[in-house]
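Here's the structure we're looking at; comments come further down.
The values are calculated or read from the model by the stated rules, or taken from the named source; none is laboratory data. These figures come from a predicted structure and were not determined experimentally. All Cβ positions, glycine included, derive from the backbone under ideal geometry; neighbour counts span all protein chains shown.
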Amino acid sequence: MRLDDERESSNVEDRRGGGFGGGLPIGGRHIGVGTVVIALVAWYFGINPSVVLNTVSGPAQTSQMQSAPPPANDEMAHFVGKVLAETEDTWQVIFKSEGKQYVDPKLVLYTGSTPTACGTGEAAMGPFYCPGDQKVYIDLAFYQELKDRFHAPGEFAEAYVIAHEVGHHVQNLLGISERVEREKQRVSEAVANKLSVKVELQADCLAGVWAANTDQRNHFLDPGDVEQAIAAATAIGDDRLQKEARGYVVPDSFTHGTSEQRVRWFRRGMESGKPGVCNTFTAASL
């Protein structure tokens with residue numbers, strides 16, 4: 001990826017290093033293997049932390065203050081800021097072309113755990129988006145996990161993580177998230193899971209739309225970058241994660257889609273560059 005000369009977003013809130021949110025390990029201890037296994041199915045993208053570990057009794061109070069920029073030698077934080085800026089620039093153009101206004105999300109860097117409008121965010125959840133405060137949350141230690149556990153290294157794989165979460169923000173701005181949540185309250189758990197899969201696959205597709213439009217605008221992709229995102233999408237399919245965690249798969253419990261589906265919808269967005277191709281809710285098949 002070629003981002004060296006690009007700007008960094010001013011919408012990064014850094015809660016690490018003993019700042020707001022405490023930066024404490026989960027439960028005052030390091031994350032254990034059991035916690036990671038519990039969170040595996042929802043490990044990677046976009047899921048509300050309260051759904052996974054049911055730790056929330058009500059919305060948490062969150063900071064509204066903008067933190068100081070990360071230290072000059074914090075290369076990963078600066079990289080994340082540049083990727084977020086690219087999502088801002090690209091989605092602002094796309095929304096404007098459709099007569100809509102794009103509202104930039106915030107991105108929160110934290111360590112261990114942090115309060116959010118969706119409850120307590122914890123590192124074991126992986127990166128996630130909270131529609132209640134329109135913020136993306138990420139513990140940067142996840143990127144090491146992405147390399148070591150999921151064998152999906154590379155800058156574009158890391159950018160794909162952010163682009164997917166910003167895809168959930170796009171869904172929120174368009175009212176898709178709210179409509180789906182209302183529908184999920186009226187249906188069985190199995191049907192609600194299928195709706196969740198459609199939401200996640202649409203976010204994968206929107207990540208592809210972002211990549212296509214950003215590359216057209218500033219040619220930021222290098223050979224092999226797209227393959228990094230595909231490797232990441234393959235590694236975190238529900239079927240792959242369930243097979244790793246329990247040795248078998250339960251399709252009715254899928255909430256994010258299979259590896260094949262995730263790759264397919266990312267490719268669809270990347271090849272088209274048009275958000276309209278990402279309507280997973282009317283697709284004849286996923």
Flagged in segment 218-263 as touching a residue at least 40 places away in the same chain (Cβ under 8 Å), over 23 Å from F281 (Cα atoms) and under 19 Å from the mean Cα position of the chain (by Cα), in numbering order, are D225, V226, Q228, A229, A231, A232, A235, L241
Wholly inside segment 108-195, strands (runs of 3 or more DSSP E) that include 1 or more residues that are more than 27 Å from H78 (Cβ to Cβ) and in contact with a helix residue (DSSP H, G or I) (Cβ under 6 Å, 6 or more places away or on another chain) are 119-122
### Task
Go through the residues of segment 87-97 one by one and say whether even a single one is touching a residue at least 12 places away in the same chain (Cβ under 8 Å), buried (at least 24 other Cβ atoms within 10 Å of the Cβ) and over 17 Å from A163 (Cα atoms).
no
Only one of A212, A233 is over 14 Å from P275 (Cα atoms), small (G, A, S) and part of a helix (DSSP H, G or I), namely A233
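For (1) in contact with a strand residue (DSSP E or B) (Cβ under 8 Å, 6 or more places away or on another chain); (2) crowded, with 18+ Cβ neighbours inside 10 Å; (3) in contact (Cβ under 8 Å) with a residue 60 or more places away in the chain; (4) not small (G, A, S), each residue gets a yes or a no:
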site	(1), (2), (3), (4)
K184	no, no, no, yes
V187	no, no, no, yes
N193	no, yes, yes, yes
A203	no, yes, yes, no
G208	no, yes, yes, no
A212	no, yes, yes, no
| message | Please determine whether any residue of segment 232-242 is of a type in the set (S, T, N, Q) and either at pLDDT 95 or above or surrounded by 21 or more Cβ atoms within 10 Å (Cβ to Cβ) (or both). | response | no
